[in-house]
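Participant: Please read through the structure below; I'll follow up with questions.
Please treat every number below as a calculation from the coordinates, not as lab data. None of these values were measured; they are calculated from a predicted model. Glycine gets a Cβ as well: all are built from the backbone with ideal geometry, and neighbour counts include every protein chain shown.
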Amino acid sequence: MHYVALYWAVMARGGALDLEMTAIAVAISVVVGVLAAIGKLYGGKLLAAIITGYVEVIRGLPPILQLFIIYFGLSQFQINLSPFAAGLLWLILYGIGYAVEIFRAGIAAVAEGQGEAADALGMTRAQGLRRVILPQAWVIMLPSLMTFLVLQVKNTTLLYLVGVADIMYQARLGTSATEQPAIMYGMAAVAYLVINLTLSRLGGVLERRVEASR
Amino acid sequence: MLQLWQQYLPDFFAGVVVSLEVTGAALVLALALGALLVTARTGRVRVLRSLAVGYIEIFRAIPVLVLVFMAYYSLGQVGIRLPGFWAGVVALGAFYAALYSEDMRSGLQSVDRGQREAAQALGMTNGAMMRRVILPQALLAFLPPGTNELSNLIKDTSLVFTIGVADLMFQANQASAATFQPMDMFVLAGLFYFAFYILISRILARWELNVQRRRS
Amino acid sequence: MSSDVAVDIQHLTKRFGPRTVFEDISLQVKRSEVVAIIGPSGAGKSTFIRCINYLHPFDEGRIRVLGRELVGGAAPPSKAVLREIRTHVGMAFQTFNLFPHLTALGNVMLGPMEAKRMPRAEAQDKAMALLTAVGLAERANAYPRRLSGGEQQRVAICRALAMDPEVMLFDEPTSMLDPEMVGEVLEAIRRLAGQGMTLILVTHEMMFAKEVANTVVVMADGRLVEQGPAREVLEHPQTDRARTFLNRVLKPLAAEGSPLAPVSLGGDHP
């Protein structure tokens with residue numbers, strides 16, 4: 001047990017880094033995702049095709065391969081990103097691919113009836129989106145957004161493979177030092193469990209709050 | 001670049017075969033375990049229900065890579081020494097079982113109550129009702145999310161290279177280290193993965209459409 | 001109890017949590033008798049009829065169906081007894097509940113093949129004959145989604161008849177149908193009555209009840225408020241509750257609070 005005492009602090013530091021990177025990446029990808037979703041829905045055929053292609057590539061390639069292309073692949077062209085930069089860039093690019101689809105589906109679901117109603121009131125499309133559709137779409141998309149958040153936390157485990165000092169990295173180092181993989185990876189599992197179950201619970205509470213306030 | 005690709009193509013093909021083997025074995029494990037979980041989850045025994053719910057919650061919250069390492073290193077430490085291939089299969093199978101059992105459950109729930117009543121009113125046994133009435137309809141509802149999960153499973157098999165299984169990702173990694181052309185090699189691997197992604201989503205999408213059409 | 005009683009229901013009570021769905025209902029149905037159960041919605045009619053083939057368990061009382069006994073509140077009957085009852089009691093539902101993954105023919109064949117182990121060829125011939133009898137021979141290979149509501153309900157009736165039931169239960173068989181399709185379904189039921197089948201049906205079709213049923217049962221507020229020969233009950237209800245209900249159904253335009261005139265039933269409109 002003294003291994004747990006010895007390593008929990010480093011694990012916590014790794015966890016903090018994971019959460020920090022997740023937060024930055026999710027924030028940016030949500031903003032870009034909303035814009036891209038609107039672009040896909042209302043921006044014409046070419047833009048829609050480009051965004052669809054992007055989403056398909058993000059969904060079609062293994063996450064680890066995407067990360068390796070950014071970190072190792074780009075080095076072939078003398079673009080040498082730090083592990084942190086490469087990891088964050090990947091989380092953002094990957095996140096955009098998922099966020100676009102979540103927002104597109106959410107906006108489309110609301111726009112079906114409400115868009116007509118907004119048009120009938122003589123609102124411009126931008127007004128309709130901002131004042132009528134998006135406020136409702138957020139509520140519908142809340143569960144998907146929480147799933148997305150958890151997915152991104154889980155994705156941070158891959159970052160250690162390019163050298164980001166996250167939970168997995170610490171568990172790996174700890175294993176080499178102590179030869180106690182059961183304890184080290186057990187701690188990592190518990191750390192992710194706590195983070196993700198907390199996020200899901202918070203999401204559940206948030207959803208109920210929003211539902212109740214409607 | 002093409003010359004390099006040609007040179008490494010045989011290795012990549014060997015890797016693809018391993019990736020597909022991992023996928024197939026993990027899929028079988030996930031479906032079997034998922035069916036057990038959904039049976040326990042929807043059954044009458046309270047303890048089993050709670051156990052199934054606990055399993056699903058926990059395994060969905062732990063990243064697959066952590067599970068892969070636990071299956072390989074942690075189980076090894078406590079005396080269960082699995083070869084990398086099987087450790088990967090166990091980790092992926094255990095994780096996807098949780099996802100599949102949820103898809104199966106919503107498939108079952110999508111079947112209207114009246115279907116059960118109609119089958120019972122005909123005097124069918126529970127087994128016959130499941131086999132001939134409930135499952136065929138539940139399966140149809142299960143296919144779209146199940147397909148989606150399969151295409152995620154193939155992508156996630158790329159994680160087993162971290163425990164030394166010579167899959168497609170492993171070959172790409174080796175080749176990029178040997179040639180110092182990582183972009184070329186990872187792009188080649190990407191083409192393979194993407195081909196599988198497109199293949200599965202398109203073929204099954206068409207098949208589902210056919211089934212829907214035949215029944216409407 | 002004489003052997004010409006097909007269904008004997010004694011003091012049946014059903015609760016759902018703290019709510020009483022219906023209470024102390026007794027009813028005897030003789031062989032070849034046609035019983036129509038009428039009453040306002042929410043009176044527990046659908047739940048009641050589902051107790052007869054034990055799709056719903058009940059809390060008190062007992063039902064004797066074709067010589068087999070179901071007892072309320074006790075442990076559920078054995079699977080063998082249940083299947084025995086259900087293979088001899090057919091049922092048609094308000095929402096048809098056809099199996100969407102099977103054709104009309106497949107729907108009708110499934111019961112005999114699964115519950116009676118009838119060979120496929122025999123089941124098919126039987127199903128075809130039943131569908132032909134209700135004018136659906138050329139719709140045999142259509143899937144339910146392609147059938148109109150009236151066609152679906154006729155297939156559902158064939159599905160139940162394929163089991164050669166001795167008693168048929170109908171739970172509001174026409175209330176989900178467009179008006180122009182009600183006739184074809186009622187015609188199929190009328191023919192069954194003509195052939196001497198024992199029928200218990202929950203219905204809102206008062207004219208049909210009067211024409212086809214021997215006995216009418218009025219359920220309201222979870223109780224059996226009146227029962228008797230169809231014409232008598234419908235034309236001269238004895239209880240206030242039955243009168244209020246029939247008045248509201250048969251004379252929807254009558255002013256509230258006007259004196260209760262004798263109920264007139266079609267044909268003799270002023």
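Participant: Using the per-residue mean of other Cβ atoms lying within 10 Å as a proxy for protection, in what order, highest first, do the peptides B:42-48, B:168-174 fall? Mind showing how you got there, number by number?
Facilitator: Numbers: B:42-48: 10.6, B:168-174: 24.9.
Peptide ranking by packing, descending: B:168-174, B:42-48.
Participant: Quote to one decimal, in nm, the extra length available between C:Ala75 and C:Asp59 on full extension: 0.36 nm per residue of separation minus the C-alpha distance between them.
Facilitator: Values: separation 16, 0.36 × 16 = 5.76 nm, distance 1.04 nm.
That pair, C:Ala75 and C:Asp59, stretches by 4.7 nm at full extension.
Participant: What whole-number distance in Å separates the alpha-carbon centres of segment B:3-32 and segment B:60-98?
Facilitator: Measuring centre to centre over Cα atoms gives 19 Å.
Participant: Any idea what the dipole of chain C comes to, in debye rounded to 20, about its Cα centre with Lys/Arg Cβ at +1 and Asp/Glu Cβ at -1?
Facilitator: Working: 31 positive and 31 negative charges, 153 e Å.
Dipole size: approximately 740 debye.
Participant: Please average, across the residues of A:184-192, the number of beta carbons from any other chain that are within 10 Å of each residue's own beta carbon, and give a whole number.
Facilitator: Working: counts 5, 13, 4, 0, 7, 9, 2, 2, 5.
Other-chain Cβ atoms within 10 Å of each residue's Cβ, averaged: 5.
Participant: Compare the Cα positions of B:Leu199, A:Gly15, A:Ser29 along the charge dipole of the protein assembly as shown (+1 at Cβ of Lys, Arg; -1 at Cβ of Asp, Glu; about the Cα centre) and return the one farthest towards the positive end.
Facilitator: Ranked along the dipole, the leading option is A:Gly15.
Participant: Taking the Cβ of B:Val22 as the center, what net charge do the other residues with Cβ under 13 Å away carry, scoring Lys and Arg +1 and Asp and Glu -1? Spell out each step's value before the answer.
Facilitator: Details: positive: B:Lys155; negative: B:Glu21, B:Asp156, B:Asp167.
Result for the local shell: -2.
Participant: So how many Lys-Lys pairs in the protein assembly as shown land under 24 Å Cα to Cα, not counting same-chain pairs under 8 apart?
Facilitator: 11
Participant: Separate question: From the phi angles alone, apply the Karplus equation (6.51, -1.76, 1.60; θ = phi - 60°) to segment A:17-32 and give each ³J(HN,Hα) in whole Hz, x where the residue is Gly or Pro.
Facilitator: 5, 4, 5, 4, 5, 4, 4, 4, 5, 5, 4, 5, 5, 5, 4, 5
Participant: What fraction, in whole percent, of alpha-carbon pairs in chain C exceed 23 Å separation?
Facilitator: Across chain C, Cα pairs with separations above 23 Å total 54 percent.
Participant: Here is a further query. Helix-only mean residue ellipticity at 222 nm, chain B, DSSP H runs n ≥ 4 weighted -39,500 (n - 2.57), per residue, nearest 500. What is it?
Facilitator: Numbers: 9 runs with 169 residues, N = 216.
After summing the helix terms and dividing by the residues of chain B, the value is -26500 deg cm²/dmol.
Participant: Over chain A, with a Gaussian network built from C-alpha contacts below 10 Å, which listed residue (A:Ile167, A:Ile102, A:Ile133) shows the highest mean-square fluctuation?
Facilitator: The residue with the greatest mean-square fluctuation here is A:Ile133.
Participant: Right, next: Give me the orientation-averaged projected area of the Cα convex hull of segment B:2-214, in nm², one decimal. Walk me through the numbers before you get to the answer.
Facilitator: Numbers: hull surface 59.2 nm².
Orientation-averaged projected area of the Cα hull: 14.8 nm².
Participant: What distance in nm lies between label points placed 7 Å from Cα along the C-beta direction at C:Glu180 and A:Gln114?
Facilitator: For C:Glu180 paired with A:Gln114, the spin-label model returns 3.9 nm.
Participant: Can you compute 3J(HN,Hα) from phi for each residue in segment A:184-199, using the Karplus curve 6.51 cos²θ - 1.76 cosθ + 1.60 with θ = phi - 60°, rounded to whole Hz and x for Gly and Pro?
Facilitator: My calculation for segment A:184-199 gives 5, 6, x, 5, 4, 4, 4, 4, 5, 4, 4, 4, 6, 5, 4, 4 Hz in order.
Participant: Something else about it: Using θ = phi - 60° and the Karplus curve 6.51 cos²θ - 1.76 cosθ + 1.60, what whole-Hz ³J(HN,Hα) does each residue of segment B:33-44 get, with Gly and Pro shown as x?
Facilitator: These are the phi-based 3J(HN,Hα) values: 5, x, 5, 4, 4, 6, 5, 5, 5, 9, x, 8 Hz.
Participant: Could you give the dipole magnitude of the protein assembly as shown about its Cα centre, charging the beta-carbon of Lys and Arg +1 and that of Asp and Glu -1, in debye to the nearest 20? Before the final figure, lay out each step's value.
Facilitator: Numbers: 62 positive and 54 negative charges, 78 e Å.
Around 380 debye, computed over the protein assembly as shown.
Participant: Here is a follow-up. How high is the relative contact order of segment C:5-250, in percent, counting Cα pairs under 8 Å that sit 6 or more residues apart? Present the calculation step by step, with values, prior to reporting the outcome.
Facilitator: Values: 462 pairs, mean separation 64.2, N = 246.
Dividing the mean separation by the residue count of segment C:5-250 yields 26 percent.
Participant: Based on Cβ point charges of +1 for Lys and Arg and -1 for Asp and Glu, what charge dipole magnitude is obtained for segment A:2-213 about its Cα centre, in debye rounded to the nearest 20? Please list the in-between numbers first.
Facilitator: Details: 13 positive and 11 negative charges, 43 e Å.
With only Lys, Arg, Asp and Glu charged at Cβ, the dipole is about 200 debye.
Participant: Around C:Ala162, with a cut-off of 15 angstrom between Cβ atoms, what is the net charge of the other residues, counting Lys and Arg +1 and Asp and Glu -1?
Facilitator: On the way: positive: B:Arg132, C:Arg86, C:Lys116, C:Arg117, C:Arg120, C:Lys126, C:Arg154, C:Arg159; negative: C:Glu114, C:Glu122, C:Asp125, C:Asp164, C:Glu166.
Cβ neighbours under 15 Å give a net charge of +3.
Participant: Got a sec? Charge dipole of segment C:1-97, +1 on Cβ for Lys and Arg, -1 for Asp and Glu; which of C:Ile37, C:Phe22, C:Thr95 is way out at the positive end?
Facilitator: Positive-end residue among those listed: C:Thr95.
Participant: Among A:Tyr169, A:Tyr185, A:Tyr42, which one shows the highest mean-square fluctuation when chain A is modelled as a Gaussian network with alpha-carbon springs under 10 Å?
Facilitator: Largest GNM mean-square fluctuation: A:Tyr42.
Participant: Here's another thing I want to ask about it. Go from 0 up to the bin containing the longest alpha carbon distance in segment A:2-213, width 10 Å each, and give me the % of pairs per bin.
Facilitator: Values per bin, smallest distances first: 8, 28, 30, 20, 10, 3, 1.
Participant: Another one. Quick one: net charge around A:Ala188, please, counting Lys, Arg +1 and Asp, Glu -1 for every other residue with C-beta under 11 Å from its C-beta. The partial results should precede the final answer.
Facilitator: On the way: positive: A:Arg172; negative: A:Asp18, A:Asp166.
Counting the neighbours of A:Ala188, the net charge comes to -1.
Participant: Out of C:Gly150, C:Gly73, C:Gly39, any idea which swings most in a Gaussian network model of chain C, alpha carbons joined below 10 Å?
Facilitator: C:Gly73
Participant: Here is a further query. Just need log10 I(q)/I(0) for segment A:134-214 at q = 0.13, 0.15 Å⁻¹, Debye formula, equal scatterers on the alpha-carbon atoms, no solvent, rounded to two decimals.
Facilitator: -0.53, -0.64
Participant: Still on this model: Just how far, in whole angstrom, is segment C:72-108 from segment B:183-201 if you go by their alpha carbon centroids?
Facilitator: Going from one Cα centre to the other spans 51 Å.
Participant: Picking from C:Val218, C:Gly183, C:Val134, whose Cα lies most toward the positive end of the charge dipole for segment C:5-250 (charges on Cβ: Lys, Arg +1; Asp, Glu -1)?
Facilitator: It is C:Val134.
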